[in-house]
Amino acid sequence: MASRRNITPAIGIDLGTTYSCVAVWQNNRVEIIPNDQGNRITPSCVAFTEDGRLLGDAAKNQTDMNPTNTVFAVKRLIGRRFSDSSVQNDVKYWPFKVVAGPSDRPRIVVNYRGNQKEFYAEEISSMILLKMKEVAETYLATPVKNAIVTVPAYFSDSQRQATKNAGTIAGLNVIRIMDEPTAAAIAYGFDKITVDANFEKKTVDANKKNVLVFDLGGGTFDVSLLSIGHGNFEVRATAGDTHLGGEDFDDRLVDHCVKEFRTKYKKDITGNAKSLRRLRTACERAKRILSSSSRATIEVDCLYDGIDFSTRISQARFEELNKDLFMRCTDQIEECLRGAEIGKTGVDVVVLVGGSTRIPKVQQLVQDFFEGKELFMGIHPDEAVAYGAAIYAANLNGQREKDMQNLVLVDVTPLSLGVRVSNGFKDMSIVVPRNTPIPTKKYTRLTTIRDNQTIVVFPIYEGESAETKYNNLLGEFSIDGIDPAPEGSVIIRVWFDIDADGILSVSAQVESTSLKNGIIIKQNGDLTAAEIQTMIEEAGRYKAEDEKHKAMISLEDLAEKLESLAVDPGRSKPDTKSMKEAAENVIAWLDRNPHADIDEINKRREQLKTTFPILREEN
Ligand code: AMP
């Protein structure tokens, strides 16, 4: 049997709207893994250029120069329909193009190596996950496969499925899709007890505590109420808005500046992607400044038509612009408390996570709501989710010592799940009410509604409305070949099965017969197994292209270095001549062979170093 030491670590990935973070359990503690730039969080950003693909910081750093091919915030698209009002609203502000693909699924359109390419949100997310996987692999110096990927607690079934698929496309084995507030709560609970260096034995407190996690990030907002104690993390209720966060506050500032520019200069910048992108960057910067200063300046040189733009904004004005959005946060706290059936005085601790909880007005609103209760901000708002996910990943992966492993998590369903029945307008029959602990398996019994009905269709919905037209259709299936019988005499049992990832399967069987259409809906979300396979293969090709591009750049850099050494005045003549010639030959070869094989490129690099050992010294 492999010893615990030899187990390849599983990682925890917080796949955020604006930033992602990866952590691992190692040396008896959680380590937040810095990326190649030394940053502990990585922009959830992918860029496509003439030469190749850029991920993370490299992508974000060139946004202003390449706005239409720099993709960000795909978490707002994943698992959604193009015609969703939230998607329609977002695409208005984005400099990159999004179109409706098959089955109304959004497709992101970019120019990659001179060709127009379309990607699903899952594919872009998989590229970010791949980046995080590579960050971890470099740090740990070993291939990494197993990972927990976190999602907002309020993510729907299709958003969860799509996130899981993104992990698969990135070559990860997603051992669990975990709710972000639950992960943050583990980080909170763990933090409390690591002080005593013995987690489960001296849990948070001898008694259970009701902990409310308020998580306001870049694009999503979650509130969860957990009961924590004795190593148990039990989610009692969850509420939130998958479309509320820092990006919306940025939108308001952008909108404000667009209007000001229009008033001052009689010009509309909204049609210019580059101007919009540059303005957005300046607005986001100003927003951060306003978290610690009462005023900030939004300044963009040559914003549009050669006009420099500069405006001062106060904290009070920023708060005014976002008033309704901030208020939506407290509505969701109320909703969550209602779901958990406790009053605000029943909450022992309020934990703030997510970058946008640094906004003073947000903190004040939460504090006022809880009538002055102290807010807990002791865990790093950007890292808490990955931190908690890493602890749980290590648990599931058997990495932690046995006595540290009795960590029990109970999550709940964020939305009610049901089937459409014939009942006038109120046609949603709920089978699994929201906030039901998962995993769970529940059933309902339906009957035929016509004489001699041989086929029954089961449309499956999620949502809180009694009318399915306001809920979200997850999929449908049917049972065919039912023996003719009078109306109401055939009974069909419909099972809803939700696994620990919160992913739903539905099956149905005609009672006292073997007739079942054991259909599992949404097994792959919007994608078929074949589509996922194709995407995995494509992801491999993109990765190979990235590696080849890196190898070419590296060879070119080496040749240029040789050339500059050749013109060094301290060097003897015959030596410099051969150096110069070799460098020129390499550069000419690279120009002639854009499709050269990576092995051939690497071979030439090694040859150059062998012929000119000075290159090794210089490196
Ligand atoms: P997260 O998804 O938790 O990483 O949060 C990212 C969001 O937090 C982005 O929208 C950031 O603009 C926002 N953010 C980060 N720092 C601050 C700050 N100091 N003040 C206001 N918003 C911030």
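Remarks
- For the chain, the Cα-based Rg and Dmax, in that order, read 27.5, 103 Å.
- Once the C-beta distance of ARG338 and LYS208 is scaled by a Förster radius of 22 Å, the resulting FRET efficiency is 0.65 to the nearest 0.05.
- Gain on full stretching of the segment that runs from SER554 to ILE289 - 0.36 nm per residue minus C-alpha separation: 91.5 nm
- Helix-only mean residue ellipticity at 222 nm for the chain, each DSSP H run of n ≥ 4 adding -39500 (n - 2.57), per residue, nearest 500: -12000 deg cm²/dmol
- Cut-off under 5 Å, modelled amide H: who pairs with LEU409 long-range: PHE233
- Between ARG312 and LYS259, the simple label model (points 7 Å from Cα in the Cβ direction) yields a spacing of 2.0 nm.
- Average accessible surface area per residue within the range 529-618, 1.4 Å rolling probe, Å²: 62 Å²
- Rounded to whole numbers, the Karplus 3J(HN,Hα) couplings from phi for the range 477-492 are 8, 9, 10, 10, x, 6, 5, x, 7, x, 3, x, 8, 9, 10, 10 Hz, using 6.51 cos²θ - 1.76 cosθ + 1.60 with θ = phi - 60°, and x at Gly and Pro.
- Among beta bridges that DSSP assigns inside the chain, antiparallel share in %, nearest 5: 80 percent
- Carbon + sulfur, % of accessible area of the chain - ligands and nucleic acids excluded, 1.4 Å: 46 percent
- Overall form of the range 413-520 per C-alpha gyration tensor (a/c, 1.5; a/b vs b/c): oblate
- Taking each residue as 0.36 nm, the span from VAL109 to GLU371 lengthens on full extension beyond its C-alpha to C-alpha distance by 89.5 nm.
- Cut-off 12 Å between beta-carbons: net charge of the residues surrounding GLN453, Lys and Arg +1, Asp and Glu -1: -3
- Summary: within the chain, the longest segment free of GluC sites (Glu not before Pro) located in DSSP loops with at most 16 other C-beta atoms within 10 Å is 51-340.
- Solvent-accessible heavy-atom area per residue, rounded to whole Å², over the range 413-520 at 1.4 Å: 50 Å²
- Values of log10 I(q)/I(0) for the range 226-375 across q = 0.09, 0.12, 0.13 Å⁻¹ run -0.38, -0.61, -0.68, by the Debye formula with one identical scatterer at each alpha carbon and no solvent.
- Probe 1.4 Å, accessible area per residue of the range 246-323, Å²: 49 Å²
- Residues whose placed amide H lies under 5 Å from that of LEU303, excluding near-sequence neighbours: ASP308, PHE309
- Between 0 and 90 degrees, the angle of helix 323-340 with respect to the longest Cα principal axis of the chain falls at about 50 degrees.
The values are calculated or read from the model by the stated rules, or taken from the named source; none is laboratory data. Just so we're clear, the structure is a prediction, and the values are computed from it rather than from any experiment. Positions of Cβ are generated from backbone atoms using ideal geometry, with glycine treated the same way; all protein chains shown enter the neighbour counts. Side chains are part of the model used for accessible areas, which takes the heavy atoms of the whole protein and leaves out ligands, DNA and RNA. Shrake-Rupley method; radii C 1.70, N 1.55, O 1.52, S 1.80 Å.
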